[in-house]
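**Student:** I am attaching a structure below and will ask some questions about it afterwards.
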Amino acid sequence: MSSILKKLALKSYNNYMVLSQRKFQTITKTYQRTLEKRPYLMQAIQAGILMGAGDLCAQKFFSQTETVDIDYIRTAKFCSIGFVFAGPCCRFWYGMIDKMVKVKSPFAKTVIKVAMDQLLFAPIFLATLISTISYMQEQSIQSIEYKLKTQYTDILTSNYYVWPWVQIVNFRFVPLNYQVLVTQTVAFLWNIYISWKTYSSYTKTSP
């Protein structure tokens, strides 16, 4: 009797694994097709979800108060920044430098792309991101200028500790349509830092 039950359990488990694998393959193929047809839309959605998730984690685990009341409006704002700004902007930039850099050597091509990304794109992108987050927090122009003066250098310096290494791998080994997904996946932790950094300063400087 026990051997029959074991066989039934094993058969059920195998059937479950086969069905799960098929569902996963179907989801993966659907994602790949949609990504090829509508790359900007998919990457905007990805960025919005991951930026929102990063903000939720920042609120949950890095709150400066003993009781944690999740501000879902704030999270929705982070989602909208990812959807409208971060995702499409990164996809456009990666596509542009992929067309611009025509060096044959993969190593040289990667180095040039990383240099362009970190020396040209990153400083402008971060300044715009900080300003946009501050604007969504309904801060004044003076407060935004103050935040850029006090936070921008710290955030840019932290960027250079993390992102050059990520982008070396990304630009060297990852196809163009998946590069934003890679950066936004790594940026899940980065978004927690950005959310904590910008919002902690906002609460300190707010009247």
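**Student:** Would you work out the relative contact order for the chain, in percent, from Cα pairs under 8 angstrom that are 6 or more residues apart?
**Tutor:** 29
**Student:** Then there's this: List the pairs from K37/K77; K77/K197; K60/K197; K149/K197 whose alpha-carbon separation is above 23 Å, in the order I gave them.
**Tutor:** Among K37/K77; K77/K197; K60/K197; K149/K197, the Cα-Cα distance tops 23 Å for K37/K77.
**Student:** Take the Cβ-Cβ distance between K60 and D98 as r, set R0 to 45 Å, and report the resulting FRET efficiency rounded to the nearest 0.05. Before the final figure, lay out the partial values.
**Tutor:** Numbers: r = 37 Å, r/R0 = 0.82.
E between K60 and D98, to the nearest 0.05, is 0.75.
**Student:** I'd like the orientation of helix 141-173 relative to the chain: the angle between its Cα long axis and the longest Cα principal axis, in ° from 0 to 90, rounded to 10.
**Tutor:** Computed tilt is about 40 degrees.
**Student:** Where Rh denotes the Kirkwood radius from the mean inverse Cα pair distance, what is Rg over Rh for the chain? Let's see the in-between values first.
**Tutor:** Details: Rg = 21.3 Å, Rh = 19.3 Å.
Rg divided by Rh gives 1.10.
**Student:** Something else about it: Select from S158, Q46, L176 the residue farthest towards the positive end of the dipole of the chain; place +1 on Cβ of Lys and Arg, -1 on Cβ of Asp and Glu, and compute about the Cα centre.
**Tutor:** Checked the options; the winner is L176.
**Student:** Mind telling me which of T157, T185, T128 comes out most flexible in a GNM of the chain, alpha-carbon contacts under 10 Å?
**Tutor:** T157
**Student:** Continuing with the same structure: In degrees from 0 to 90, rounded to the nearest 10, what is the angle of the helix 72-81 Cα long axis to the longest principal axis of the chain?
**Tutor:** Helix 72-81 sits at roughly 90 degrees to that axis.
**Student:** Please work out the Cα center distance from segment 121-144 to segment 31-107, rounded to the nearest Å.
**Tutor:** The distance from the Cα centre of segment 121-144 to that of segment 31-107 comes to 16 Å.
**Student:** On C-alpha positions alone, give me the angle between the axis of helix 87-100 and the longest principal axis of the chain, in degrees, nearest 10.
**Tutor:** 90
**Student:** Quick one: length gained pulling M136 to L120 fully straight, 0.36 nm per residue minus the C-alpha distance?
**Tutor:** On the way: separation 16, 0.36 × 16 = 5.76 nm, distance 2.49 nm.
Taking 0.36 nm per residue and subtracting the Cα distance, the gain is 3.3 nm.
**Student:** Quick one: length gained pulling Y146 to Y72 fully straight, 0.36 nm per residue minus the C-alpha distance? Let's see the in-between values first.
**Tutor:** Numbers: separation 74, 0.36 × 74 = 26.64 nm, distance 2.59 nm.
Here the segment from Y146 to Y72 would lengthen by 24.0 nm.
**Student:** Which one, I194, L148, L120, is farthest towards the positive end of the dipole of segment 38-205 when Lys and Arg carry +1 and Asp and Glu -1 on their Cβ?
**Tutor:** Value computed over the given set: L120.
**Student:** Dipole of the chain, Cα-centred, from +1 at each Lys and Arg C-beta and -1 at each Asp and Glu C-beta, to the nearest 20 debye? Show your work: numbers first, answer last.
**Tutor:** Numbers: 23 positive and 10 negative charges, 256 e Å.
It works out to roughly 1220 debye.
**Student:** Can I ask one more? Using helices alone, what [θ] at 222 nm do you get for the chain, with -39,500 (n - 2.57) per DSSP H run of 4 or more residues, divided over all residues and rounded to the nearest 500?
**Tutor:** My calculation for the chain gives -29000 deg cm²/dmol from helical runs alone.
Here, each number is a calculation from the coordinates, and none is a lab measurement. As the structure is a computational prediction, the values presented were derived from the model and not from experiment. In this analysis, Cβ positions are derived from the backbone assuming ideal geometry, glycine residues included, and neighbour counts consider all displayed protein chains.
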